[in-house]
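Before I ask anything, here is the structure I am working with.
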There are 2 protein chains.
Amino acid sequence: MTEHPLDLIFHPRAVALVGVPSNGAAGGPGWGFLTSLLDQKFQERHPLYPVNPKMTEVEGLTCYPSLLDTPDPVDHVISLVPASAAPALVEQVLQKHVRSVHFYTAGFSETGDPALAQVEAAMVAKLRAAGVRVIGPNSLGLYVPEAGLAFMNGFPREPGNVMVVSQSGANAGDVIFNLARRGVRFSKGISFGNGIDLRSYDFFNYAAEDDQTEVVTAYIEGVQDGRRFFEAVKHCAAVKPVILLKGGLSSVGARAARSHTGSLAGSIQVFDAMCRQAGAMRAENMEELHDLVIAVNTSVRHVRGTGIAVVGIGGGYGVLASDAIALEGLDVPELSEATQEELREFAVPGTSVNNPVDTFVRAPADLERMIRAVGRSEVIDAAFVNPTFGQPTGTLPREEVERRAAEAARQSAELLARVQEETGTAMVAVTRDRGAPGPGGEEFLLEAYRRGVAVYPSVARAARAIARIRDWRAQREGLPDIF
Amino acid sequence: MTEHPLDLIFHPRAVALVGVPSNGAAGGPGWGFLTSLLDQKFQERHPLYPVNPKMTEVEGLTCYPSLLDTPDPVDHVISLVPASAAPALVEQVLQKHVRSVHFYTAGFSETGDPALAQVEAAMVAKLRAAGVRVIGPNSLGLYVPEAGLAFMNGFPREPGNVMVVSQSGANAGDVIFNLARRGVRFSKGISFGNGIDLRSYDFFNYAAEDDQTEVVTAYIEGVQDGRRFFEAVKHCAAVKPVILLKGGLSSVGARAARSHTGSLAGSIQVFDAMCRQAGAMRAENMEELHDLVIAVNTSVRHVRGTGIAVVGIGGGYGVLASDAIALEGLDVPELSEATQEELREFAVPGTSVNNPVDTFVRAPADLERMIRAVGRSEVIDAAFVNPTFGQPTGTLPREEVERRAAEAARQSAELLARVQEETGTAMVAVTRDRGAPGPGGEEFLLEAYRRGVAVYPSVARAARAIARIRDWRAQREGLPDIF
């Protein structure tokens, strides 16, 4: 790994948590930072110093009266102090030779008050002059599983290949929690809020070089320096898939963005054109961001043609699936006579074999044969398959029911991965919108993703992901191939 | 309840299941019908006669060699025999004075084979001449919880106010399973497949008169008699909300519909115009069908204006929510200075109170006060609120964690219902797309629905439901008010 100045911020030797709430306020704002760090076991690897003059101990850790009382060195400070106390903390940070400060603290330029914006500007000027980098203010800061840093409880502890850059902490949380459940793991997560020093483009430039990051996704409200933003996105998107979601594209959304991060939101047309020129993908909403991250980390990224096979139970399901696929400009081509002949061997008489293929079969093994025949078809680029992993009923104890369902789910995922590898056709699992996933649902998601099989909650979302990947490849003509 | 000829079909005194698979084929096609009926406990109320010459007993019930050997009377026959055996069964049905036959049996006109279509036509002609009504062929038949009839395992046993009419059994299953989990219950469900005798319009006409049905939703592939279909929809939509989903609106979907139910699908424009003229809602996809059923059974049906309050944690969430709401032509208006003043009492400094409202609060009780203040605002027609019911952690046993979460979820739903009633503003719960609902999620769905509070899985879907209800009300001008 090349040494990059930001690596130091992502891998601090010691962290001070200044303004940690007193025990009485446990559960209140700010408390989550301490428990998030404990959840990641940061304190088992490096010193973690809570600072609050009213306590001497918190959650088993020594609590210090001030930052200046903590042992040396402290590389990274997380500021939970109120805005009014922030300037005094800045002085201590300079005295302590801290390398980076993350201001969870809000109440500066995003309030729209010019006096507070000036306080913010003066703080960053002082810190920058001393070489101290700033994350925030008005931000949740860093998630670096490898280093044991996190800003919410329950983020995965094991690292992965996706970097999340976000102007909003809660949105970063939505991305990380949603995708984690679908098997994705993360190299770094950054909530940078007002971005008075480190901004989205710093993180894109870093991501381009970071060996641990293979995919970059970002939630952006305001672009503070259009030229540098564009150059950084382009630099990064030349070598890694970059998926951007822009908030504030409507006028009401833009007003909300102003009061959230003080951002001046631009038009959808300008942002869209920028993404296209830079070779990045623009997600239209949060769901699409999630779905595109899944796409670039599974076989969906390789889909080049428009031929989709619909393989699922029920003729009506096939009809609606075809409509949804057509809406995305993709096709549900008829299968060749030879393929249909092969499928007829396993199909229940009266069910369709010409695509959509009705997989109402007599024996479970027939399902695999049908999927394989479909995967081998020359007109098919991706097969949408309803995963089945039975829902054992009866009087078994709940734990046993869940154990069996999990095992069946893993086998079902393994089957799709096997056929995908054998046939070279992307297998895409599409779950039915019947409400909560039954037992085994979570295991299926994890195992399928691990094996490179995408799982989407509807045909519409699966088709959309494929269409977006195809658009993106087309718009990148002239840029280096990533996949 | 007025006596309607179809009431007899929905409430048979005795049912024969002809062609029930032998024990060796348990789990195979057809077996589900027996277990569905057992699941509904039909046999505890009325005789249920399995018929199969190879068995004398099945699942504890006497099995008869032929329909003619069953005791009298048999009102309703469910045919699981192969297509080739169907004409012989028709003769027995006539001899036995059965009132209605449901052909699960497929392999007739939907195959595209003119000879098979002729067999189908001859069968229906004979049965109709004798006054026997036919459901199907190629269909899953009837779900009447009150009578103990069902065609899939796990359908709710208690009746409700929604009638589901579907040309596809699997799609009817998707509707019933999805909505049941969200609290909806059903008066009748009908999968009518090829519809050679009883068709969608018969069921719409019935639904218009049926006291137990307050809402009608249908999945349609082909409209066999446009005039009668239109008149029936109009008749029904004059007095009850009717939500229609049309499959086969794309050319690939239309091809799939032809091979599924032999239907000739029409254009989206024609169908849309028909819905508007008749005063029905056209759902664009299965999700929207689900969401509109929720809308017409909760306070969403009363929303008249465009003013939406976004009440949730995180500024970025509010920005994206505003964008999604604007996309549906709705507004996120600024709150009056007085309302903002009131909200500032509870809000954490630095968070937004002007709408979107950031409900990052210090004490749980503050949440209720904030929602109430928003609900009282004159510019707000509906408030989108993230339900919170804590996720208790720690070392408690799993059952205890779930019990507490369920209790908290019920209280959270009750809170929204209380504020909704007090303020007259629709409260709409929007869950965050963070993956699986935690413990309490199911209880929240059920309790909120029971109290007239809609729950949607995203802001986009909540906004869409409100926009559709408003469109529908506008297009009904001149028709009687339903809400």
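Could you tell me how many of the residues in the range B:120-133 are part of a helix (DSSP H, G or I), away from chain A (no Cβ under 13 Å) and surrounded by 14 or more Cβ atoms within 10 Å (Cβ to Cβ)? Give the derivation first.
Residues of the range B:120-133 that are part of a helix (DSSP H, G or I), as a first pass: B:120-129.
Still in the list and also away from chain A (no Cβ under 13 Å): B:121-129.
Still in the list and also surrounded by 14 or more Cβ atoms within 10 Å (Cβ to Cβ): B:123-124, B:126-127.
Final tally of qualifying residues: 4.
To continue, here is another question. For A:Arg418, indicate whether it is at pLDDT 90 or above and under 24 Å from the mean Cα position of the chain (by Cα). Even if it seems obvious, please write down each step before you answer.
Details: at pLDDT 90 or above: yes; under 24 Å from the mean Cα position of the chain (by Cα): no.
So A:Arg418 fails the test.
Looking at the range A:154-172, which of the residues that are part of a helix (DSSP H, G or I) and without any contact (Cβ under 8 Å) to a residue 60 or more places away in the chain is surrounded by the fewest Cβ atoms within 10 Å (Cβ to Cβ)? First the steps, then the outcome.
Of all residues in the range A:154-172, those part of a helix (DSSP H, G or I) come to A:169-172.
Then drop every residue that is not without any contact (Cβ under 8 Å) to a residue 60 or more places away in the chain, which leaves A:169-170, A:172.
On the way: A:Gly169: 28, A:Ala170: 24, A:Ala172: 30.
Of everything passing the filter in the range A:154-172, A:Ala170 is surrounded by the fewest Cβ atoms within 10 Å (Cβ to Cβ).
Considering each of B:Val223, B:Val239 in turn, give the residue that is in contact with a Phe, Trp or Tyr (Cβ under 6 Å, 6 or more places away or on another chain), in contact (Cβ under 8 Å) with a residue 12 or more places away in the chain and outside any helix (DSSP H, G or I).
So the residue among B:Val223, B:Val239 that is in contact with a Phe, Trp or Tyr (Cβ under 6 Å, 6 or more places away or on another chain), in contact (Cβ under 8 Å) with a residue 12 or more places away in the chain and outside any helix (DSSP H, G or I) is B:Val223.
Pick out, from the range B:245-346, the helices (runs of 4 or more DSSP H) lying fully within it that include 2 or more residues that are crowded, with 24+ Cβ neighbours inside 10 Å and touching a residue at least 60 places away in the same chain (Cβ under 8 Å).
Values: elements: B:251-261, B:268-278, B:286-296, B:315-327, B:337-344.
Of the helices (runs of 4 or more DSSP H) lying wholly inside the range B:245-346, those with at least 2 residues that are crowded, with 24+ Cβ neighbours inside 10 Å and touching a residue at least 60 places away in the same chain (Cβ under 8 Å) span B:251-261, B:286-296, B:315-327.
Something else: Quick check: anything in the range A:316-324 of a type in the set (Ser, Thr, Tyr) and either more than 9 Å from every other protein chain (Cβ to nearest Cβ) or within 17 Å of the chain's Cα centre (by Cα) (or both)?
Initial filter on the range A:316-324 (of a type in the set (Ser, Thr, Tyr)): A:317, A:322.
Right, trim to either more than 9 Å from every other protein chain (Cβ to nearest Cβ) or within 17 Å of the chain's Cα centre (by Cα) (or both) and you get none.
No: the range A:316-324 contains no residue that is of a type in the set (Ser, Thr, Tyr) and either more than 9 Å from every other protein chain (Cβ to nearest Cβ) or within 17 Å of the chain's Cα centre (by Cα) (or both).
A follow-up question, please. Could you tell me whether B:Leu48 is surrounded by 20 or more Cβ atoms within 10 Å (Cβ to Cβ), modelled with pLDDT of 95 or more, farther than 20 Å from B:Phe192 by Cβ and touching a Lys or Arg at 6+ places or on another chain (Cβ under 7 Å)? Give the derivation first.
On the way: surrounded by 20 or more Cβ atoms within 10 Å (Cβ to Cβ): yes; modelled with pLDDT of 95 or more: yes; farther than 20 Å from B:Phe192 by Cβ: yes; touching a Lys or Arg at 6+ places or on another chain (Cβ under 7 Å): no.
For B:Leu48, the condition - surrounded by 20 or more Cβ atoms within 10 Å (Cβ to Cβ), modelled with pLDDT of 95 or more, farther than 20 Å from B:Phe192 by Cβ and touching a Lys or Arg at 6+ places or on another chain (Cβ under 7 Å) - is not met.
Within the range A:71-84, take every residue that is within 33 Å of the chain's Cα centre (by Cα), of a type outside the set (Val, Ile, Thr) and within 27 Å of A:Thr111 (Cα to Cα) and give me the one that is surrounded by the most Cβ atoms within 10 Å (Cβ to Cβ).
Ranking the qualifying residues of the range A:71-84, first place goes to A:Ser79.
Turning to a different aspect of this structure: Report the residue count in the range B:429-457 for those that are on the phi < 0 side of the Ramachandran plot and either at pLDDT 95 or above or among the hydrophobic types (A, V, I, L, M, F, W, C) (or both).
We begin by selecting, within the range B:429-457, every residue on the phi < 0 side of the Ramachandran plot; these are B:429-434, B:436-439, B:441-451, B:453-457.
Remaining after also requiring either at pLDDT 95 or above or among the hydrophobic types (A, V, I, L, M, F, W, C) (or both): B:429-430, B:436, B:444-451, B:453-456.
Residues in the range B:429-457 being on the phi < 0 side of the Ramachandran plot and either at pLDDT 95 or above or among the hydrophobic types (A, V, I, L, M, F, W, C) (or both): 15 in total.
Quickly run through the range A:202-211 and pick out the residues that are surrounded by fewer than 24 Cβ atoms within 10 Å (Cβ to Cβ) and either within 15 Å of the chain's Cα centre (by Cα) or of a type in the set (A, V, I, L, M, F, W, C) (or both). Even if it seems obvious, please write down each step before you answer.
Quick first cut of the range A:202-211, residues surrounded by fewer than 24 Cβ atoms within 10 Å (Cβ to Cβ) only: A:202, A:205, A:208-211.
A:Ala208 - this is the single residue of the range A:202-211 that is surrounded by fewer than 24 Cβ atoms within 10 Å (Cβ to Cβ) and either within 15 Å of the chain's Cα centre (by Cα) or of a type in the set (A, V, I, L, M, F, W, C) (or both).
Would you check which residues across the range A:99-110 are closer than 18 Å to A:Leu149 by Cβ and surrounded by fewer than 23 Cβ atoms within 10 Å (Cβ to Cβ) and list them?
Within the range A:99-110, just A:Arg99 meets the criteria.
Do the conditions hold for A:Ser352, that is, is it over 23 Å from A:Pro457 (Cα atoms), at the interface with chain B (Cβ under 7 Å from one of its Cβ atoms) and more than 35 Å from the chain's Cα centre (by Cα)? Break it down stepwise before answering.
Working: over 23 Å from A:Pro457 (Cα atoms): yes; at the interface with chain B (Cβ under 7 Å from one of its Cβ atoms): yes; more than 35 Å from the chain's Cα centre (by Cα): yes.
So A:Ser352 fits the description; yes.
Continuing with this model, one more query. Which of the residues spanning the range A:173-202 are outside any loop (DSSP other than H, G, I, E, B), within 22 Å of A:Arg451 (Cα to Cα) and within 14 Å of chain B (Cβ to nearest Cβ)?
A:Val175, A:Ile176, A:Phe177, A:Asn178, A:Leu179, A:Ala180, A:Arg181 - these are the residues of the range A:173-202 that are outside any loop (DSSP other than H, G, I, E, B), within 22 Å of A:Arg451 (Cα to Cα) and within 14 Å of chain B (Cβ to nearest Cβ).
Let me ask something else. Being modelled with pLDDT under 95 and under 25 Å from A:Leu89 (Cα atoms) is the requirement here; does A:Ser191 meet it? Steps first, please.
On the way: modelled with pLDDT under 95: no; under 25 Å from A:Leu89 (Cα atoms): yes.
Answer is no for this residue.
Quick one: count up the residues across the range A:298-315 that are more than 10 Å from chain B (Cβ to nearest Cβ), touching a Pro at 6+ places or on another chain (Cβ under 9 Å) and more than 23 Å from B:Glu288 (Cα to Cα).
Narrowing the range A:298-315 to residues more than 10 Å from chain B (Cβ to nearest Cβ): A:298-307, A:309, A:311.
Subsequent filtering for residues that are touching a Pro at 6+ places or on another chain (Cβ under 9 Å) retains A:301, A:306-307, A:309, A:311.
This time we only want the ones that are more than 23 Å from B:Glu288 (Cα to Cα), so: A:301, A:306-307, A:309.
Number satisfying all stated conditions: 4.
May I ask you to say which residue of B:Gly316, B:Gly312, B:Gly307 is modelled with pLDDT of 95 or more and closer than 30 Å to A:Thr111 by Cβ? Even if it seems obvious, please write down each step before you answer.
Details: B:Gly316 fails: modelled with pLDDT of 95 or more; B:Gly312 fails: modelled with pLDDT of 95 or more.
Exactly one residue qualifies, and that residue is B:Gly307.
Identify all residues within the range B:95-144 that are among the polar types (S, T, N, Q) and more than 17 Å from B:Gly19 (Cα to Cα); write none if there are none. It would help to see each step written out before you state the result.
Filtering the range B:95-144 for residues among the polar types (S, T, N, Q) gives B:95, B:100, B:105, B:109, B:111, B:118, B:138-139.
Residues satisfying the conditions are B:Gln95, B:Ser109, B:Thr111, B:Gln118.
List every residue pair whose Cβ atoms lie under 6 Å apart, where the two residues are 6 or more positions apart in sequence or sit on different chains, the first residue falls within the range B:87-112 and is within 10 Å of chain A (Cβ to nearest Cβ), and the second residue, located anywhere, is polar (S, T, N, Q) and in a helix (DSSP H, G or I).
Partner pairs satisfying both residue conditions: B:Glu110/B:Thr261.
Which condition number does B:Met427 fail, the rest of (1) touching a residue at least 24 places away in the same chain (Cβ under 8 Å); (2) within 12 Å of chain A (Cβ to nearest Cβ) being met?
Checking B:Met427 against (1) touching a residue at least 24 places away in the same chain (Cβ under 8 Å); (2) within 12 Å of chain A (Cβ to nearest Cβ), the one that fails is (2).
Here's a check for you: in the range B:432-460, which residue that is in contact with a strand residue (DSSP E or B) (Cβ under 7 Å, 6 or more places away or on another chain) and assigned to a loop (DSSP other than H, G, I, E, B) is surrounded by the most Cβ atoms within 10 Å (Cβ to Cβ)?
B:Val453
Working carefully through the options A:Leu89, A:Leu68, A:Leu94, find the one that is touching a helix residue (DSSP H, G or I) at 6+ places or on another chain (Cβ under 8 Å), crowded, with 20+ Cβ neighbours inside 10 Å, under 20 Å from A:Leu127 (Cβ atoms) and not aromatic (Phe, Trp, Tyr).
Numbers: A:Leu68 fails: crowded, with 20+ Cβ neighbours inside 10 Å; A:Leu94 fails: crowded, with 20+ Cβ neighbours inside 10 Å.
Criteria check complete, one pass: A:Leu89.
Out of curiosity, is B:Ser251 under 30 Å from A:Ala309 (Cα atoms) and either out of contact with any helix residue (DSSP H, G or I) (no Cβ under 8 Å at 6 or more places or on another chain) or facing chain A (nearest Cβ under 10 Å) (or both)? Can you show your working first?
Numbers: under 30 Å from A:Ala309 (Cα atoms): yes; either out of contact with any helix residue (DSSP H, G or I) (no Cβ under 8 Å at 6 or more places or on another chain) or facing chain A (nearest Cβ under 10 Å) (or both): yes.
Against the criterion (under 30 Å from A:Ala309 (Cα atoms) and either out of contact with any helix residue (DSSP H, G or I) (no Cβ under 8 Å at 6 or more places or on another chain) or facing chain A (nearest Cβ under 10 Å) (or both)), B:Ser251 qualifies.
The values are calculated or read from the model by the stated rules, or taken from the named source; none is laboratory data. Not measured: the values here are computed from a predicted model. Heads up, the Cβs are rebuilt from the backbone with ideal geometry, glycines too, and the neighbour counts pull from every protein chain shown.
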